[in-house]
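Before any comments, here is the structure.
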Amino acid sequence: MNFQQAIVSGFQNYVNFNGRAARSEFWYWVLFVFLVNVAANIIDAGVGTGVIGALASLALFLPGIAVSVRRLHDLDRTGGGLLIALTVIGVILLIVWDCMKGTTGSNQYGPDPLG
């Protein structure tokens, strides 16, 4: 999956918490959110407000949660596992999981997104 496909998929599935998201889709989405936030912060610094950054974060929040849940599904884990991000150790564990290869073939959440 390339960068553009990952971003389109993120917005098309912005409330879809079913299915699976491959590593590339997740990390391209993270890169996209980072770049949008950098651009929004630069604009906010020039204008002198925080409105653009707040709007960008609000617009990307739900799609980010959805792609994160689908990424956990790719690892054959429940989307509720995202709640461990409320702890410091949990954030580290989620990063490790997000770097892992998803389950090969179908799992209980659907077919392999790469296959």
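What follows draws every value from the coordinates through simple rules; no lab data is involved. Not measured: the values here are computed from a predicted model. For neighbour counting, all protein chains shown are included, and Cβ atoms are generated from backbone atoms with ideal geometry for every residue, glycine included.
Side notes on the structure shown:
- Among the residues listed as G50, G64, G110, the single one being touching a residue at least 24 places away in the same chain (Cβ under 8 Å) and exposed (fewer than 14 other Cβ atoms within 10 Å of the Cβ): G110
- Residues of the stretch 86-115 that turn out to be touching a Lys or Arg at 6+ places or on another chain (Cβ under 7 Å) and at positive phi, as a count: 1
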